[in-house]
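Student: Below is a structure I'd like to ask you about.
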Amino acid sequence: MKEIRLMKGNEAIAEGVIRAGCDGYFGYPITPQSEVLEYLMANKTKERTGMIVLQAESEIASIHMVYGGAASGKRVMTSSSSPGISLMQEGISFMAGTELPCLLLNVVRGGPGLGTIQPSQSDYFQAVKGGGHGDYKMIVLAPASVQEMYDFAKLGFELAFKHRIQVMVLSDGAIGQMMEKVELDEQVPRWTDEEIVKLHPWSTTGKTPDRERNIITSLDLNPVKQEIINRNLQKKFKHIEETEVRFERIMCDDAEYLFVAYGSSARICQKAVSLGRAKGIKVGLLRPITLFPYPSKELEKLAKQVKGMLSVEMSAGQMVEDVRLSVNGAVPVEHYGRLGGIIPAPDEVLNVLEEKFIKENLLCKTH
Amino acid sequence: MTEEIIIAGFGGQGVLSMGKILAYSGMMQNKEVSWFPSYGPEMRGGTANVTVIISDERISSPILNWFDTAIILNQQSMDKFENSVKKGGILIYDPNGITRHPVRTNINIYTINAADESARMGSAKVFNMIILGAFLKLKPLIGAEYMRKGLEKSLPARHHDMIPENEKAIDIGKSLVKQTYTLN
């Protein structure tokens, strides 16, 4: 039987990275995700697997330590919350330019600026559209439970190395701070130096006589070459869009109306679905698990079936743009969001769905 | 079965740990559980609350605005949560420090003098376990053996010698409930 624990989301991902064979964590504390660093420090991580856990002097230092660790083929990561992730954008862009794999965790809080420490989803654009400079994408995973916080540690590293890409787990204060049941799996051993050389021939592990030096740089002043580099990057992103889309359908089969929501908003909408069903409203939920790549094709399909979609986010309306792009006008798409750290309630979002789609339709029919 | 509970009071009354022990015990009894705290600046000396859900099914929203049971331990929380109890639900409160008592007539209200009782036991620390006992009497969702497992898991090993005292407090809490709530 699997080991079961009651854990906070932040603790679960910390345990998850240890068990996924992570080599190094570099971070700087910030609410609401400081438990990640605390857990790694308090749980004898070094003694358990030899994993390095280091509190850097700043977020900028953290991300560049990740850059260095990733260049040597190690499984490395950092975590922060919104203002700290903003500080890291330069380093993330450099890793995108050098195709270095890493795991990044953003436990989002309300912004802009220092904002609040309460949960928010207002960093969607930054995570999905490329927060740093240049044409790049990261794989973005959106956990909706503490179990997924744990699971996405291992999945994140797998995807990062499979595609040589940065993987961001885009969580929020609610998922980070709440406790749920977590099923833990066996320890994945850390890679040995020999395994790294064999598995990641691109990594800077020291020149051997049988090959040229490995150089990791995002700089190429020749625009012709730089265009080729960029085209190859785009090819990779396209491939990821074709192969790595993940989502969950909840009560979608006969749905006439659809919530689209990720992370903690998806949990709230899931409750709203059952409240709606109890009232006889055929409502479903599409929960994107990957925000990049986005489940556009699934939404396109659902647009042929439903009468309206409501994107529910703790933001002023960011993901809703991707929902609209996906359905391309085939069906009305509305947005509902709470801002600055306020979490919507299940009956609140159901009311909005009724107001926007159902009551309006009834009015139209009576005229 | 799904039981949606809010526990609210001052930081330091053991609100969050009561919720944690309840959630852990539920999990040991093979239930689905969630524990969602208020967190942030309001915790430092101010009010604290936690939403605990115990269910036989996968839990949808860990964040709620209506509750089957509210456990209320200070006036601010009474003002905030009295009206969040579902019709026919339960409100348990300690009258110490309460200046405006609950007035609703469509819920079941129980006063539990846990502060007085814990003083009689000579340990203010078990205050929250007395309240928890009262809840478990009204909603016997979790067996005593699973409560013990929950206590073992929630308390650090160096405090395991305090488990019998906590169990005693739970029993006293149970005995303080005079009339029993009937589940419809």
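Student: Between B:Asn106 and A:Asp253, what is the FRET efficiency for a Förster distance of 45 Å, r being their Cβ-Cβ separation, to the nearest 0.05?
Tutor: Values: r = 37 Å, r/R0 = 0.83.
The pair B:Asn106/A:Asp253 has a calculated efficiency of 0.75.
Student: Kirkwood Rh over alpha-carbon pairs of the protein assembly as shown, then Stokes-Einstein at 20 °C and 1.002 mPa s: what D in µm² s⁻¹, rounded to an integer?
Tutor: Values: Rh = 25.0 Å.
Translational D for this selection: 86 µm²/s.
Student: A further question on this structure: Kindly flag which residue pairs out of A:Lys46/B:Lys153; B:Lys139/B:Lys174; A:Lys74/A:Lys207; B:Lys139/B:Lys178 have an alpha-carbon separation exceeding 20 Å in this structure. Each step should come with its number before you reach the end.
Tutor: Details: A:Lys46/B:Lys153 24 Å; B:Lys139/B:Lys174 10 Å; A:Lys74/A:Lys207 17 Å; B:Lys139/B:Lys178 14 Å.
As for pairs spanning more than 20 Å Cα to Cα, those are A:Lys46/B:Lys153.
Student: Just to check I understand the Karplus step: with θ = phi - 60° and J = 6.51 cos²θ - 1.76 cosθ + 1.60, what whole-Hz values come out for region A:101-113, glycine and proline as x?
Tutor: Result, ordered by residue: x, 6, 10, 10, 10, 10, 8, 5, 10, x, x, x, x Hz.
Student: If you consider only alpha-carbon coordinates, what radius of gyration and Dmax does region A:3-194 have, in Å?
Tutor: 14.9, 46
Student: Something else about it: Within chain A, what's the longest run with no GluC sites (Glu not before Pro) in a DSSP loop and at most 14 other beta-carbon atoms within 10 Å? Give the range, please. Walk me through the numbers on the way to the answer.
Tutor: Details: sites that count: A:Glu57, A:Glu186, A:Glu212, A:Glu256.
No qualifying site falls inside A:58-185, the longest such stretch.
Student: If you don't mind, there's one more thing I want to ask. If you place +1 on the Cβ of every Lys and Arg, -1 on the Cβ of every Asp and Glu, and leave all else neutral, what size is the dipole of region A:1-159 about its Cα centre, to the nearest 20 Debye?
Tutor: On the way: 13 positive and 16 negative charges, 57 e Å.
Rounded to the nearest 20 debye, it is 280 debye.
Student: Could you work out the relative contact order of region B:14-135? I mean the mean sequence separation of Cα pairs under 8 Å and 6+ apart, divided by the number of residues, in percent.
Tutor: Working: 184 pairs, mean separation 22.6, N = 122.
Once divided by the residue count of region B:14-135, the mean separation gives 19 percent.
Student: A further question follows. Using 7 Å Cα-to-Cβ label points, what is the A:Ile4/A:Arg246 separation (nm, one decimal)?
Tutor: My value for the distance between the label points is 2.3 nm.
Student: Kindly state, to the nearest 0.05, the FRET efficiency for B:Lys153 paired with A:Leu221, given R0 = 41 Å and r defined as their beta-carbon distance.
Tutor: With R0 = 41 Å, the Cβ-Cβ based efficiency is 0.10.
Student: Additional query: Any chance you could get the radius of gyration and Dmax over the Cα atoms of region B:81-184, in Å?
Tutor: Answer for region B:81-184, Rg first and Dmax second: 14.7, 45 Å.
Student: What does the charge add up to near A:Ala261, with Lys and Arg as +1, Asp and Glu as -1, over the other residues with Cβ less than 10 Å from its Cβ? All intermediate terms of the calculation are to be shown ahead of the outcome.
Tutor: Values: positive: A:Arg267, A:Arg287; negative: A:Glu313.
That sum, taken over residues with Cβ under 10 Å, equals +1.
Student: Check each of the trypsin sites (Lys or Arg not before Pro) in region B:1-70 and keep only those in coil by DSSP with at most 15 other C-beta atoms within 10 angstrom; list them in order. All intermediate terms of the calculation are to be shown ahead of the outcome.
Tutor: Numbers: sites: B:Lys20, B:Lys31, B:Arg44, B:Arg58; in loops: B:Lys31, B:Arg44, B:Arg58.
Hits after loop and neighbour filter: B:Arg44, B:Arg58.
Student: Then there's this: From the alpha carbon gyration tensor of region A:248-366, can you work out the equivalent ellipsoid semi-axes (sqrt of 5 times each eigenvalue) and give them in Å, largest to smallest?
Tutor: Working: eigenvalues 73, 59, 38 Å².
Largest first, region A:248-366 gives 19, 17, 14 Å.
Student: Moving on to the next point. By the scheme Lys and Arg +1, Asp and Glu -1, what is the net charge of all other residues having a beta-carbon under 13 Å from that of A:Gly317?
Tutor: With Lys, Arg at +1 and Asp, Glu at -1, the neighbours total -2.
Student: On the first, second and third principal axes, largest extent first, how far apart are the outermost C-alpha atoms of region B:50-110 in Å?
Tutor: Principal axes ranked by extent give 39, 22, 16 Å for the Cα atoms.
Student: Something else now. Where does the charge balance sit around A:Trp191 when Lys and Arg score +1, Asp and Glu -1, over other residues with C-beta under 10 Å from its C-beta?
Tutor: 0
Student: So which trypsin sites (Lys or Arg not before Pro) in region A:304-361 pass both tests, a DSSP loop state and at most 11 other Cβ atoms within 10 Å of the Cβ? Numbers along the way, then the final one.
Tutor: Working: sites: A:Lys304, A:Lys307, A:Arg324, A:Arg338, A:Lys356, A:Lys359; in loops: A:Lys304, A:Lys307, A:Arg338.
Loop-located and lightly packed - A:Lys304.
Student: Which of A:Ile85, A:Gly113, B:Met27 sits farthest toward the positive end of the charge dipole of the protein assembly as shown, with +1 on the Cβ of Lys and Arg and -1 on the Cβ of Asp and Glu?
Tutor: B:Met27
Student: Tell me, how many Å apart are the Cα centres for region A:293-349 and for region A:222-254?
Tutor: Cα centroid to Cα centroid, the span is 21 Å.
Student: Can you figure out the FRET efficiency of A:Asp185 with B:Lys87, using R₀ = 41 Å and their beta-carbon distance, to the nearest 0.05? If you can, show how the numbers build up before the last one.
Tutor: Numbers: r = 43 Å, r/R0 = 1.06.
The pair A:Asp185/B:Lys87 has a calculated efficiency of 0.40.
Student: Also, I was wondering about something else. Report Rg (one decimal) and Dmax (nearest whole number) for chain B, counting Cα atoms only, units Å.
Tutor: 15.1, 45
Student: I need the Debye-formula profile for region A:61-139: one equal scatterer per C-alpha, no solvent, reported as log10 I(q)/I(0) at q = 0.15, 0.16, 0.19, 0.20 1/Å, two decimals.
Tutor: With no solvent term, the Cα-only Debye profile gives -0.49, -0.56, -0.77, -0.85.
Values in this text are rule-based calculations from the coordinates and carry no lab data. Since the structure is predicted, the reported quantities are computational estimates derived from the model, not experimental observations. We place every Cβ from the backbone using ideal geometry, glycine too, and count neighbours over all the protein chains shown.
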